[in-house]
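Data block below; observations after.
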Amino acid sequence: MESRTEISSLGEFGLIQRINKGVTNTQPDTVTGIGDDAAVMDIGEEYGLLTTDLLLEGVHFDLTFFPLKHLGYKSIAASVSDIAAMNGYPRQVTVNIAISNRFSVEAIDEFYAGVRTACKDFSVDLVGGDTSSSRSGLLISVSVFGKVKKDKVVYRNTAKPNDLLCVTGDLGGAYLGLQLLEREKQVFLTNPDMQPELEGKDYVIQRQLRPEARMDVIYELEEAGVTPTSMIDVSDGLASDLLHICAQSGVGAVVFEERLPIDEQTYLAATELNLSPITAALNGGEDYELLFTVSQADYEKIKNNPKITFVGYIADKSEGVSLHTKGDSRVPMTAQGWT
Ligand code: ADP
Ligand code: MG
């Protein structure tokens, strides 16, 4: 009998590694293939960047509380974020959709209104796509092409011991926004007359429904004359994404719990839902902030940027990747990403 291995035994990253093992690049202009936030191609004077993402109804979004306009925006922002993570600039996007007859023309108009707003915000052109019918809900796939100067591209595998570890914005909000929306959905399903209790929670809800790609920080780093030594976008949670940087760079890291940037509303929502704001910040995901490292020599140039928090440092591989808690102990950082 042929052997059968469950995908759950490998997990997402194990599966990608397995696919990668069977791939050999042969084109002279392929600079970097599988393994970073975007592929890198030599297109002449600059490098071209290419990234693609898939979003499925019921897996990545729930249309009972996700407005189509926001979904259109988020689909673009999430992929632009991968171009930002290469220190690049997005240029063109393609959008594929598969729709069932459950959707009206007006609903698709709403989705594309969001797509257009994001294209404007991130200065990209929608240059193509594909349209199909679907038998099971809405499917969205976005690819973004971007560019970066050859000496400015930033990978995941180039962090060095003693580099400073930085993160933009704040963490855990998108996860708590989702938990609140899920809770309101359950309340509504039980009693449709109940009014949603989302007052004072606009920030975390917005973090879930309408995330931004941090292109603003990419421009500011360039202005400050700082090129990170490594970078990734925080799509799966700081822990999981830091572990990618560390594994691929062959280094360890220390993150200080007290340094984690967490918004007031994230704390409040976590308290209300009996969840740990620290766990949300470390493992929540979908914040689309940038996690990057800089050499100590660059500290002065960005230390006053309010969008950037110094959360720790890169250590030798032998030190592992750990969280330095408020109680002064060190606990190993573990990923709780997608399985
Ligand atoms: P991100 O979260 O930044 O989008 P992923 O974790 O989805 O990154 O992917 C990590 C790397 O693996 C990327 O280089 C991506 O292109 C590649 N990858 C993911 N799925 C596949 C696949 N099915 N075939 C080939 N490469 C893949
Ligand atoms: Mg990414």
(message) Can you go through Ser318, Ser322 and tell me which one is over 18 Å from Asp170 (Cα atoms) and open to solvent by less than 60 Å² (accessible area, probe 1.4 Å)?
(response) Ser322
(request) Go through the stretch 208-227 and give me each residue that's open to solvent by less than 10 Å² (accessible area, probe 1.4 Å), part of a loop (DSSP other than H, G, I, E, B) and within 15 Å of ligand 2 (Cβ to nearest atom). (result) Pro211, Ala213
(message) When you check Lys69 against the structure, is it free of Cβ contacts under 8 Å to residues at least 24 places away in the same chain and among the basic types (Lys, Arg), yes or no?
(response) no
(message) List the strands (runs of 3 or more DSSP E) inside the stretch 9-68, counting only whole elements, that have at least 2 residues being within 16 Å of ligand 2 (Cβ to nearest atom).
(response) 39-42, 46-56
(request) For the stretch 42-52, enumerate the residues that are within 19 Å of Arg156 (Cβ to Cβ) and open to solvent by less than 50 Å² (accessible area, probe 1.4 Å). (result) Tyr47, Gly48, Leu49, Thr51
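In the list Leu275, Leu238, Leu291, which residue meets the criterion of being closer than 25 Å to Glu12 by Cβ and touching an Asp or Glu at 6+ places or on another chain (Cβ under 6 Å)?
Selected residue: Leu291, the only one of Leu275, Leu238, Leu291 that is closer than 25 Å to Glu12 by Cβ and touching an Asp or Glu at 6+ places or on another chain (Cβ under 6 Å).
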(request) Select from the stretch 77-120 the residues that are more than 16 Å from ligand 2 (Cβ to nearest atom), among the acidic types (Asp, Glu) and touching a residue at least 40 places away in the same chain (Cβ under 8 Å) and list them in ascending order. (result) Glu110
(message) Testing Gly169 on (1) under 21 Å from the mean Cα position of the chain (by Cα); (2) closer than 30 Å to Asp298 by Cβ; (3) touching a residue at least 12 places away in the same chain (Cβ under 8 Å); (4) open to solvent by 50 Å² or more (accessible area, probe 1.4 Å), one condition comes back false. Which one is that?
(response) (4)
(request) Return the pairs, sorted by first residue and then second, in which the second residue is hydroxyl-bearing (Ser, Thr, Tyr) and outside any loop (DSSP other than H, G, I, E, B), the first residue lies in the stretch 30-52 and is in contact (Cβ under 8 Å) with a residue 12 or more places away in the chain, the beta carbons are less than 6 Å apart, and the residues are 6+ apart or on different chains. (result) Ala38/Thr51; Val40/Thr32; Val40/Tyr47; Thr51/Ser79; Thr52/Ser143
(request) Please work out if Arg91 is surrounded by 15 or more Cβ atoms within 10 Å (Cβ to Cβ) and assigned by TED's automatic domain parsing to the domain that holds Gly48. (result) yes
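Quick one: in the stretch 245-268, of everything that is open to solvent by 40 Å² or more (accessible area, probe 1.4 Å) and acidic (Asp, Glu), which residue is farthest from Leu165 (Cα to Cα)? Show your work before the answer.
Kept after step one, since they are open to solvent by 40 Å² or more (accessible area, probe 1.4 Å), are these residues of the stretch 245-268: 247-248, 256, 258-259, 263-264, 267-268.
Among the residues that remain, those that are also acidic (Asp, Glu) are: 258, 263-264.
Working: Glu258: 14, Asp263: 19, Glu264: 23 Å.
Looking at the filtered set, the residue picked out is Glu264.
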(request) May I ask you to say which residue of Arg210, Arg259 is outside the structural domain of Leu68 (by TED's automatic domain parsing), modelled with pLDDT of 95 or more and under 17 Å from the mean Cα position of the chain (by Cα)? (result) Arg210
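Residue by residue, here is whether (1) under 22 Å from Tyr112 (Cβ atoms); (2) surrounded by fewer than 18 Cβ atoms within 10 Å (Cβ to Cβ) holds:
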position: Ser8; (1), (2): no, yes
position: Phe13; (1), (2): no, yes
position: Ile16; (1), (2): no, yes
position: Val23; (1), (2): no, yes
position: Thr30; (1), (2): no, yes
position: Val40; (1), (2): no, no
position: Gly58; (1), (2): yes, yes
(request) From (1) outside any helix (DSSP H, G or I); (2) more than 16 Å from ligand 2 (Cβ to nearest atom); (3) at pLDDT below 95; (4) not small (Gly, Ala, Ser), pick out the condition that doesn't hold for Asp236. (result) (2)
(request) Report, by residue number, each residue of the stretch 163-178 that is touching a Ser or Thr at 6+ places or on another chain (Cβ under 8 Å) and either farther than 22 Å from Arg210 by Cα or assigned to a helix (DSSP H, G or I) (or both). (result) Asp163, Leu164, Leu165, Cys166, Gly173, Leu176
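Any idea which of Leu181, Leu198, Leu242, Leu189 is assigned by TED's automatic domain parsing to the domain that holds Lys303, open to solvent by less than 30 Å² (accessible area, probe 1.4 Å), away from ligand 1 (no atom under 16 Å from the Cβ) and not in a strand (DSSP E or B)?
Working: Leu198 fails: open to solvent by less than 30 Å² (accessible area, probe 1.4 Å); Leu242 fails: away from ligand 1 (no atom under 16 Å from the Cβ); Leu189 fails: open to solvent by less than 30 Å² (accessible area, probe 1.4 Å).
Exactly one residue qualifies, and that residue is Leu181.
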(message) Tally up the residues in the stretch 78-104 that are closer than 16 Å to Tyr219 by Cβ and either within 15 Å of ligand 1 (Cβ to nearest atom) or in contact with a Cys (Cβ under 7 Å, 6 or more places away or on another chain) (or both), please.
(response) 9
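The values are calculated or read from the model by the stated rules, or taken from the named source; none is laboratory data. Quick caveat: nothing in here was measured; it's all calculated off a predicted structure. As a convention, Cβ positions derive from the backbone with ideal geometry for all residues, glycine included, and neighbour counts pool all protein chains shown. Only protein heavy atoms, including side chains, enter the accessible area calculation; ligands, DNA and RNA are left aside. Shrake-Rupley method; radii C 1.70, N 1.55, O 1.52, S 1.80 Å.
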